[in-house]
Each structure stands twice: as structure tokens, then as C-alpha cells.
Amino acid sequence: MSKPIDLAKTMIRDQGAALAALAEQVGDSFRGAVDLILGAHEPMIVTGVGKSGHIARKAAATLSSTGTRAVFMHPVEGLHGDLGIVAPRSVLLVLSKSGHTEELVRFVGHFRRVGGSVIAVCEDGPSPLAELAEVVLAIPKRAEAGPLALAPTTSTLMMLSLCDALAMALLDARGFGEKDFARYHPDGSLGRKLLTRAADLMHGGNELPCIPGAAPVSTL
């Protein structure tokens, strides 16, 4: 078997094992995060830096499309005026592998000062971010998959999985159904299936094929 294929299989197995460990670790803090978001001022805010920031953007999009209004805010932009969106019952979901990223921790501190609540997704163990958070959704400490074990791979996959699980738990708690989903996805296959009406498909007016009533059969 070729080296690239061996590498791919090893990476996927390692990441699968990490996800299994993450599943075993989900507990009361996850329920606490769901309850905090359900009682929060919307939209909730999602943030992160680097690769974690990309996962945060995806998390905000998934939350918004499944019944929980959410926006992504870059921490640097937040420190330069975007904190104006924060209300006393706002919730911030923060993604950071280490929980030590300086500009992120500084942003979270100011978010708390304005009056918001914080849910942190970061590795197990003490960190400045964990100290600032009301709820910590910890991910297991695992080596990054790949030859160098440096590029964010396994850690971002666990963050993505945990955020998807959070979005689905909120969807379920809100009773968000197919018709609600279709309302936010009108051009998707489900949206077309549930929202398309007969009037959207029928021709009318000048589009109807017509001939005069006195026309001979030979013209038909």
C-alpha cells in the first residue's frame, strides 16, 4: 500500500479515536452550556483565532441555520468597537485549543466586563480562558494527526464535532422542525419540497397556450 494511503488511514483512525474519547467526556457541563444559551439574549457570539476561528465561523453558521441566532466576531474587531453588540445576557462561545491565546483572552475579559457570559471550548486543564468561563466544554488532550503533529487537525475536528452537537441539542430543545429548517434554506432541496406551491409551478395569464374557439380542427 502506498505511503499516502497509509498516512490517510492512520490519520483518520487517530481522529476517530479522539472523537470517541470526546464523546465519553461529554457530561453536565454540556447541559449547562445548552441551558445558558437557551436563557440568553440573542444573537449569541462565537469567536476564535486562526484555525479555531474558522471552526467558530462554521459553528455560528450552523447555529443560525438551526434556530439559534449567532454571529462570528473576531476578537481584535471586538476590542475595537464590535463589543457594542453585547448585552447583559449575551453569551460568548470561545474556541481555543490552548486557552492561552493572548488577544483572545483579553477580548474575553472585556466581554465579561461588559456583562456577558462565556462558554469556552478548550483542552482539559487550567488556562486563563477556562478561568474566565462560566462553562468549560473540554476537549481531550490529543496529539495532532499528521507526520509533524503540529498543524491543527485533531483538535479542530473535536471542536467542530462538539459545536455541531451543541447546535443539534439546541435545535432539539427548541422544537425546531423541518418547516423551520426549510424557512432558512428556501433554495435547498428540503426548502423546495416544503415551500413550493402549485402557483409557483403553474403557468397563468399570457403564458397559457390558447387558440380561438372558432379555429378549425386542422390548426390544432
Would you work out which of 4, 120, 61 lies farthest towards the positive end of the dipole of the chain? Charges go on Cβ: Lys and Arg +1, Asp and Glu -1.
-> 4
Once you have the Cα-Cα distance between residue 89 and residue 143, take 0.36 nm times their residue separation minus that, and quote the gain in nm to one decimal.
-> 15.8 nm
By a straight-distance test (C-alpha under 21 Å), which lysines pair with residue 97 as possible cross-link partners, with residues fewer than eight away in the same chain excluded?
-> 51, 58, 141
Relative contact order (percent) for the chain, with alpha-carbon contacts under 8 angstrom and 6 or more residues of separation?
-> 20 percent
Partner aspartates and glutamates for residue 179 [C-alpha distance under 15 Å; skip if fewer than 8 residues away on the same chain] = 187
Given C-alpha coordinates of the stretch 103-184, what is the ratio Rg to Rh with the Kirkwood estimate of Rh?
-> 1.07
To the nearest 10 Å², what's residue 34's accessible area with a 1.4 Å probe?
-> 20 Å²
Using alpha carbons only, how many degrees (0 to 90, rounded to 10) separate the axis of helix 154-174 from the longest principal axis of the chain?
-> 60 degrees
Average projection area in nm² (convex hull over Cα atoms of the chain, one quarter of hull surface) | 21.1 nm²
Exposure rank, largest accessible area first [150, 104; 1.4 Å] | 150, 104
Multiply the residue gap between residue 184 and residue 3 by 0.36 nm, knock off their C-alpha separation, and tell me the result in nm, one decimal place.
-> 60.8 nm
The stretch 82-185: relative contact order as a whole-number percent, Cα under 8 Å and 6+ apart | 20 percent
Report, in degrees rounded to the nearest 10, the 0 to 90 angle that the Cα long axis of helix 51-65 makes with the longest principal axis of the chain.
-> 40 degrees
Assign unit charges at the C-beta atoms only (+1 for Lys and Arg, -1 for Asp and Glu), then state the dipole size of the stretch 1-159 relative to its Cα centre in Debye, rounded to the nearest 20.
-> 300 debye
Spacing of the two label points (7 Å from each Cα toward its C-beta) at residue 79 and residue 12, in nm | 4.1 nm
List every residue whose amide H lies under 5 Å from the amide H of residue 120, counting only residues 5 or more places away in sequence or on a different chain, with H placed 1.01 Å from N in the peptide plane.
-> 94, 135, 136, 137
Helix-derived mean residue ellipticity, 222 nm - over the chain, DSSP H n ≥ 4, -39500 (n - 2.57), to 500 = -15000 deg cm²/dmol
Extension length gain for residue 114 and residue 98 (0.36 nm per residue less Cα distance), in nm, is 3.3 nm
Roughly speaking, to the nearest percent, how much of the chain's 1.4 Å accessible area is carbon and sulfur?
-> 58 percent
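The values are calculated or read from the model by the stated rules, or taken from the named source; none is laboratory data. As the structure is a computational prediction, the values presented were derived from the model and not from experiment. Here the Cβ is made from the backbone with ideal geometry for all residues, glycine too, and neighbour counts use every protein chain on show. SASA here: full protein model, heavy atoms, side chains in, ligands and nucleic acids out. Shrake-Rupley method; radii C 1.70, N 1.55, O 1.52, S 1.80 Å.
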